[in-house]
Each structure stands twice: as structure tokens, then as C-alpha cells.
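**Student:** Below is a structure I'd like to ask you about.
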Amino acid sequence: MGMKLLRMALAGAVVLGAMATSAALAQGITVGLITKTETNPFFVKMREGAQAKAKELGLTLISAAGKFDGDNDGQVAAIENLISAGAKGFAIVPSDSKAIVPTIKKARDAGLMVIVLDTPLDPMDAATATFATDNRKAGLLIGQWAAGTLGDKAKDASIVLLDLATNQPTVDYLRDQGFMAGFGIDVKDPNKYGDEDDPRICTHEISQGDQEKGRTAMENALQKCPNVNVVYTINEPAAAGAWEALKAVGKDDGSVLIVSVDGGCPGVANVKAGVIGATSQQYPLKMAAMALEAIASGTLPAIDPAAGFLDTGATLVTDKPVAGVESIDTAKGTELCWG
Amino acid sequence: MSDDASGVATAERGLKGAEQAVASFEEEDRGAVRRLQGFLHRFPTTIPLIVLLIGVVIFAFAAPGKFLSPLNLSVVLQQVTIVAILGIAQTLVILTAGIDLSVGLIMILCSVVMGRTAVVYGVPLIVAFPLGLAAGFACGFVNGLIVTMLRLPPFIVTLGTWSIFGALNVFYSRSETIRQQDIEAMAPFLQWTGTLIKLYDVGKALGLDLLFLKGWVVTYGSILMVVVAIVVWYILSRTAFGRHVYATGDDPDAARLSGINTNKTLIAVYALAGLICAIAAWVLIGRIGGVSPQAGQTANLDSITAVVIGGTSLFGGRGSIIGTLFGALIVGVFRNGLALSGLELLWQDFAVGVLIIVAVTIDQWIRKISA
């Protein structure tokens with residue numbers, strides 16, 4: 001890492017030397033932002049953060065996205081276009097953290113700086129740098145909060161997990177397993193869910209992170225788990241859908257704790273309204289803005305070599321704090337929220 | 001039998017008799033198959049009905065005590081309502097030998113127009129709601145206009161408008177979710193379709209103690225689905241326009257020659273389908289409480305699946321609304337039943353795939369014989 005940083009710094013210095021002063025040099029620099037999809041609010045906000053930063057630094061921003069979550073081909077085409085456009089570098093949220101690696105290598109060989117956001121590559125060091133949220137920690141926080149809130153009752157909990165997809169993408173198992181670890185469940189293989197034998201886990205259902213499918217998943221889960229009192233959700237739309245299902249059977253009386261991850265403005269508002277007990281807030285705007293700054297200046301911020309990536313942070317948002325779990329209230333969460 | 005035994009003595013006559021019997025048996029067999037085909041041709045909804053009943057029986061055993069509970073069956077009905085309404089719109093289009101790949105996005109766009117206009121821009125609901133319905137009608141109208149005026153295949157046209165409506169959706173919604181509480185505060189009427197009706201309580205209010213209704217719950221959305229189905233069924237089977245729809249799908253040239261304005265018919269069909277998608281949007285808001293520009297991404301294919309499994313021919317001119325309702329219920333029953341049986345989602349997808357292929361195979365078979 002140190003060597004790489006040094007190399008980056010040298011490369012940055014050369015670039016700086018070749019051009020005039022920093023304010024003027026930004027003129028004419030093209031940078032890219034490639035997200036998984038263009039419709040997911042998380043990425044829409046990321047793009048808005050990038051646009052604001054590009055304007056501030058006087059950069060030309062080319063944004064692109066896959067057609068759907070998992071669309072590797074679309075991202076490959078986007079990278080090829082950026083190479084052709086003579087971009088100085090780009091930030092990317094990879095849809096397929098393995099399949100995109102050869103194309104990223106091609107871009108770096110062509111001299112582009114590649115900063116991977118949110119979802120690390122496999123291997124992680126295929127990128128120039130990675131700025132991400134620690135999704136496992138995000139899960140851990142809500143797991144600890146749920147266990148702390150239940151107190152003694154945690155040992156008799158009945159837990160429903162509304163996950164993302166059957167193929168368990170990185171973000172899916174990291175959040176799920178982080179939650180379990182935080183709750184005090186033996187996760188067995190920490191990179192896979194569904195192999196646990198803790199009797200408190202009643203069922204895993206797939207929500208696809210979608211509000212309507214989240215409701216359907218919760219309705220089906222209720223048939224299997226009539227005594228559910230903890231619902232983990234992959235994101236806040238799924239949580240809102242689960243809430244509708246619980247409300248329909250009169251379980252919106254506080255008897256069921258819902259926890260989630262994202263920290264979008266509607267999600268934080270739902271924490272405030274008592275729909276969601278706690279959510280782990282992430283910061284997509286910050287991620288994108290930092291990446292653009294790094295590409296424009298050619299220098300990376302300090303990265304903890306142990307983690308291997310720059311952690312842009314995850315903060316627990318709740319109005320019912322639990323001793324021993326650091327959190328902020330919804331007023332603060334609303335200030336920091338996105339989407 | 002006794003005749004045969006006595007006929008052994010007069011061997012030749014007996015043999016003759018046997019040959020004849022075999023020959024006539026074969027003919028009868030072919031006749032039975034033909035009759036079955038004829039029957040299915042006349043009553044194509046029989047097969048989906050049988051598949052639905054088989055599904056119910058299978059899951060009654062596979063998920064004992066869970067699947068057949070009134071609460072769960074009520075939930076299945078709620079789960080299929082949106083797809084069924086989109087399926088009705090899709091049936092109209094498919095009856096004309098077309099296809100509408102944009103129904104799902106028309107629905108999402110309309111839900112965004114209704115919700116965002118009312119809640120974010122503060123426009124009174126009396127304007128915002130009709131605006132949403134008008135948006136659906138307009139989307140369908142555009143589809144129909146392009147299909148007829150540019151004479152392009154509906155598949156291509158709606159593939160294009162699918163993308164266009166998707167872009168408009170992102171443009172207007174900015175991908176921002178509108179929360180259930182905000183709709184409740186500013187436009188509760190949009191959530192009306194999700195209101196639960198406890199059938200037992202309704203009976204009680206009418207002075208009837210109908211115990212068998214205990215646990216059954218329906219939404220106004222599901223009732224709306226039935227109303228839409230009845231209206232469209234009436235239009236298709238009891239009006240001249242309905243006959244024009246079937247005729248246009250069966251043989252557009254013949255329809256034209258017999259004096260039907262097929263272009264007008266097609267434009268009306270797509271526009272009506274768009275309007276029905278807007279009604280589905282209202283039901284969607286009721287179901288999820290809020291407006292999510294992300295919801296319903298698979299609704300296009302789900303609606304086509306319901307239509308095909310319901311026995312409507314992709315080649316046009318043959319099919320029914322009731323079949324589509326059965327088709328939607330079949331998919332819902334299989335998905336819910338498999339989930340309750342503890343199977344992973346991928347096997348639900350697998351089962352739905354098998355159902356589609358079987359349905360189309362049967363459709364082809366019926367067509368071949370009746371032709």
C-alpha cells in the first residue's frame with residue numbers, strides 16, 4: 001500500500017508538474033462516474049454529489065450506469081467509452097466485483113485512475129483505491145441495537161431476515177452476517193447466509209430491495225413465523241414494505257422491531273415515525289465527492305492499510321439509543337441523509 | 001364378453017367381429033381426443049382452472065396448516081391483484097395479436113404522477129389523481145398511435161416506449177420515494193385501494209353470522225380488480241367494439257375487408273390498456289402505502305406470464321379475461337405455496353417457467369387441431 005501510495009503521489013506530481021496551478025488545471029479534465037443502475041436512489045444521490053463536486057472543481061463529468069443491477073456488459077462499455085474520451089480517471093460502483101476486473105486493468109494500463117466505490121473488487125487491489133462503507137459494520141450496528149433493545153428477551157427472539165437476492169451479492173451477505181454477529185448469532189461461514197442453525201432465525205426471504213416485494217416477502221414470512229419480533233431488512237424500501245405487511249395483521253403496535261441499512265431521507269423519516277427501530281446510515285454523496293477530488297488532484301487521502309479501503313463510515317440512526325452502541329438521533333440523521 | 005366366448009366356435013365370424021371392435025375403438029379414442037380439443041377450443045379457461053385447483057391441492061399438503069388458512073389465501077389474493085389488473089390490460093393488447101412491454105412502467109409512471117404531484121408539488125388530489133389516470137391513457141395512446149401510424153411491430157414499439165417511460169419516470173420522480181405517512185397526511189385517497197375489509201365483519205354488519213368468512217380479508221384494490229375485469233369482459237363479449245378487437249387479432253385483413261377500422265380499434269385498445277395500467281398504479285400505491293419509483297420492475301413479464309398461462313393465444317383473436325385472472329392466481333398460488341413449503345426463490349422461478357412452456361404448448365396443440 002505504501003509503495004502504491006508513493007507511486008500514486010509521484011504520478012500525481014508528474015501530472016501536476018505538466019499542468020499549471022490547481023484551479024486552472026482542472027479545466028478540461030474529464031472524469032467518469034459509473035453506477036450499477038441509474039434509477040436506484042442511492043446511485044441517483046451519488047451522481048448528484050458527483051455533479052456538484054465536478055461543478056465546484058470545474059471538471060467535465062461523464063456519468064454512466066448499467067441497465068440493471070448485475071449488468072456487467074453495460075459497465076464494460078461505459079469504461080471503454082471513458083478510455084476513448086480520454087478521461088483522467090473514474091469512480092465505479094461495480095455490478096460484478098469479479099467480472100469487471102480485466103476491464104479495470106485495461107483502463108489502468110491506459111493511465112486512468114480507478115476508484116471503486118461502495119462494493120470492493122475481488123481482488124480489492126485491482127483498483128487504484130477503494131472508498132466504501134463497511135457493510136458488515138453497518139449490519140453489526142443494527143444487530144447490536146436489536147439485541148440491546150430486547151435485553152433478556154433476545155434469547156427467545158424470532159427473527160425474519162429480508163435479504164436482497166438468491167445469489168447473495170457482497171453487500172447482501174455482509175449486511176446480513178454483520179447483523180447476525182451483532183445480535184449474537186453464530187454465523188458459521190461469515191461470507192454466506194442460510195447455513196446458521198440458531199433456532200431464533202425463523203426464515204430468510206428475498207425482497208430484492210423492493211418495497212412491493214418486501215411486503216410480499218414479509219406476508220409469506222408471517223405465515224411461517226407468527227411470533228416474529230425482529231425483522232432485519234436489506235434496505236429501507238424493503239423495511240417500508242415489511243411494515244405494510246405487519247400493519248395489515250395488526251403487528252404495528254411496537255411488538256416487532258424492524259432494523260435496516262441505508263440512511264436515505266425517507267428511511268430516517270421512518271425511524272422518526274417509529275416504523276423502523278434503527279438504521280445504519282451510509283454516505284453515497286461523500287463517497288463520490290471524495291473520489292472526484294482524488295482523481296482531479298491525482299492524490300489519494302490516507303487509507304488505513306489494515307482495512308485496505310477508505311471507510312466513508314456507517315452511523316446508527318435511532319431515537320431509542322442503547323447503552324454501548326454509539327448512535328445519532330433522527331434530527332442529526334435527517335441533516336446527513338440522502339435521497 | 002360372453003358373445004366373444006360363444007363366438008370361438010365360428011372362428012371366422014368371431015375374428016371379423018374382433019377386428020371391427022378394435023377398429024371402432026381406435027376411432028372412438030381419436031374422437032375423444034378431438035372432442036377434448038374441441039372442448040378446450042370452446043372453453044380455453046378449463047385448463048388454467050384445473051392447474052389452479054391442482055396447485056391448491058398440492059400446496060395444501062406441502063405446507064399443511066399454512067397454505068389453506070383463510071389469512072394466507074387472502075394474502076395470495078392481495079399479492080396477485082396488481083399483476084392481474086396489468087394482465088387484463090395485457091390481454092386486450094394480446095387479443096389483437098400485439099404485445100405491450102411497457103405496461104409495468106406505465107403503472108410506475110402513473111403512481112409517481114399521482115403521488116408526487118399531490119404530495120411533493122401540493123396539487124389538490126382532485127387534479128393530481130385524474131392527471132395520473134390521464135398519464136396512463138396518454139402513454140397507451142402513444143403506443144397505439146406509433147403501432148398504427150408507423151406500422152411497426154408492437155414488440156418493437158413498446159420496447160422503445162418502455163425505455164422512454166422509464167426515463168420519464170426517473171425524470172419526474174428523481175428516483176425519490178414518497179413515504180406512506182406523507183401520502184396518508186396529504187393524499188389518503190390514494191391509499192384507499194389498500195384498505196382491508198374483514199368479510200366476517202361485513203356480514204355481521206348486515207346482520208348475518210357467516211362463520212365461514214372468519215379470517216377472510218380483501219382489499220378495495222381486489223374489488224377494483226374484479227370491477228375492471230367485469231367491465232372489460234363486458235366490452236369484449238357484449239359490444240361491437242369487443243368483436244372488432246377479436247376480429248382484428250384473428251385476421252386483420254379480413255377484419256378490414258369487412259369494414260372494421262382496425263387502426264381505430266388498435267389505438268383504442270392500447271389507450272384503454274394504458275388507462276387500466278393507471279388503475280393498477282392506484283392499487284400499487286394502496287399496497288405499498290407510498291410511491292416507490294423502484295417498485296414493479298418485473299411487472300411487464302409478470303403480466304404477460306399471467307395472460308399466457310391463462311390460455312390467451314399470443315397469436316391473437318383467442319383468449320379471455322377470466323383466463324388471465326386464473327393465470328395471475330396460478331402464478332401467485334405457486335409462488336406463495338413454494339415459499340411456504342420452504343423452497344428457495346430460484347425454484348419458484350423454475351416452476352413459473354415450466355408453467356409458461358406448458359401453457360403455450362397446450363395453446364399450440366389446440367390451434368393445430370382446430371385449424
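**Student:** Could you state, as a whole-number percent, how many of the C-alpha pairs of the stretch B:313-371 are farther apart than 16 Å?
**Tutor:** That fraction is 52 percent.
**Student:** For chain A, take the longest principal axis of its alpha carbons; what is the angle in degrees between that and the long axis of helix A:41-57, to the nearest 10 within 0 to 90?
**Tutor:** Between helix and principal axis, roughly 30 degrees.
**Student:** Determine the alpha carbon to alpha carbon distance for each of A:K153/A:K192; A:K53/A:K106; A:K251/A:K272; A:K45/A:K192; A:K286/A:K332 and list only those over 20 Å.
**Tutor:** Listed pairs above 20 Å: A:K153/A:K192; A:K53/A:K106; A:K45/A:K192.
**Student:** Going by a ≥ b ≥ c, the root eigenvalues of the Cα gyration tensor, does the stretch B:197-314 fall in the rounded group (a/c under 1.5), the prolate group (a/b larger than b/c) or the oblate group?
**Tutor:** On the way: a/c = 2.79, a/b = 1.79, b/c = 1.56.
Prolate is the answer for the stretch B:197-314, as a/c is 1.5 or above and a/b outweighs b/c.
**Student:** Okay, moving on. Could you tell me the relative contact order of chain B? Use alpha-carbon pairs under 8 Å, at least six residues apart, and round to a whole percent.
**Tutor:** 31
**Student:** Where in chain B is the longest stretch that carries no chymotrypsin sites (Phe, Trp or Tyr not before Pro) classed as loop by DSSP and with at most 14 other Cβ atoms within 10 Å?
**Tutor:** Maximal segment without exposed cleavage sites: B:122-314.
**Student:** Ok, one more. For B:A89, what is the net charge nearby, where nearby means another residue's Cβ is under 13 Å from its Cβ and Lys, Arg count +1, Asp, Glu -1?
**Tutor:** Net of charged neighbours comes to -2.
**Student:** Taking the Cα atoms only, what angle lies between the long axis of helix A:72-84 and the longest principal axis of chain A, rounded to 10 degrees?
**Tutor:** 20
**Student:** Name the residues of the stretch B:299-325 whose amide N is less than 16 Å from a point 7 angstrom out from the Cα of B:S258 along the C-beta direction?
**Tutor:** Residues B:316-319 qualify, since their backbone N sits under 16 Å from the label point.
**Student:** Please report the net charge: other residues with Cβ closer than 10 Å to the Cβ of A:Y232, K and R +1, D and E -1.
**Tutor:** -1
**Student:** Tabulate in residue order the Karplus-calculated ³J(HN,Hα) for the stretch A:147-154, using 6.51 cos²θ - 1.76 cosθ + 1.60 with θ = phi - 60°, rounded to whole Hz; enter x for Gly and Pro.
**Tutor:** So the Karplus estimates, Gly and Pro as x, are 5, x, 5, 6, x, 5, 6, 4 Hz.
**Student:** Averaging the inverse of every distinct alpha carbon separation and then flipping it gives the Kirkwood radius. What is it for chain A, in angstrom units?
**Tutor:** 20.7
**Student:** Still on this structure, please answer the following. For the protein assembly as shown, compute Rg over Rh where Rg is the Cα radius of gyration and Rh is the Kirkwood radius from the inverse mean 1/r over Cα pairs. Walk me through the intermediate numbers first.
**Tutor:** Working: Rg = 29.5 Å, Rh = 28.0 Å.
Result: Rg/Rh = 1.05.
**Student:** On to the next question. With a 10 Å cut-off between alpha carbons and a GNM built on chain B, which of B:A134, B:A268, B:A167 moves the most?
**Tutor:** For chain B, modelled as a Gaussian network with Cα springs under 10 Å, the answer is B:A167.
**Student:** Collect residues whose amide H, placed 1.01 Å from N in the peptide plane, falls under 5 Å from the amide H of A:T37; neighbours closer than 5 in sequence don't count.
**Tutor:** The answer is A:G66.
**Student:** Given H placed on each backbone N at 1.01 Å, which residues far from A:E205 in sequence or on other chains put an amide H within less than 5 Å of it?
**Tutor:** Sorted by chain and number, the residues that satisfy this are A:L161, A:L162, A:D163.
**Student:** Can you compute 3J(HN,Hα) from phi for each residue in the stretch B:306-315, using the Karplus curve 6.51 cos²θ - 1.76 cosθ + 1.60 with θ = phi - 60°, rounded to whole Hz and x for Gly and Pro?
**Tutor:** Residue by residue, the stretch B:306-315 yields 4, 5, 5, 5, x, x, 7, 7, 5, 8 Hz.
**Student:** Apply the Karplus curve 6.51 cos²θ - 1.76 cosθ + 1.60, θ = phi - 60°, to the phi angles in the stretch A:208-216 and return the couplings in whole Hz, x for Gly and Pro.
**Tutor:** Along the stretch A:208-216, the couplings run 6, x, 10, 5, 5, 5, x, 5, 4 Hz.
**Student:** Going by alpha carbons, how many degrees (0 to 90, nearest 10) lie between the helix axis of B:345-370 and the longest principal axis of chain B?
**Tutor:** 50
**Student:** Shifting gears a bit: Suppose a student asked you for the relative contact order of chain A, using Cα pairs under 8 Å spaced at least 6 residues apart; what percent would you report?
**Tutor:** Across chain A, relative contact order equals 19 percent.
**Student:** Once each part is reduced to its C-alpha centroid, what is the distance from the stretch B:153-179 to the stretch A:162-184 in angstrom?
**Tutor:** Each part reduced to its Cα centre gives a spacing of 31 Å.
**Student:** Which residues in the stretch B:261-282 have a backbone N closer than 14 Å to a point placed 7 Å from the Cα of B:I126 along the Cα-to-Cβ line?
**Tutor:** none
Where a number appears in this text, it was derived from the coordinates with a stated rule and is not lab data. Worth saying up front: this structure is predicted, and the values here are computed from it rather than measured. With ideal geometry, Cβ positions are generated from the backbone for all residues, glycine too; neighbour counts draw on all protein chains shown.
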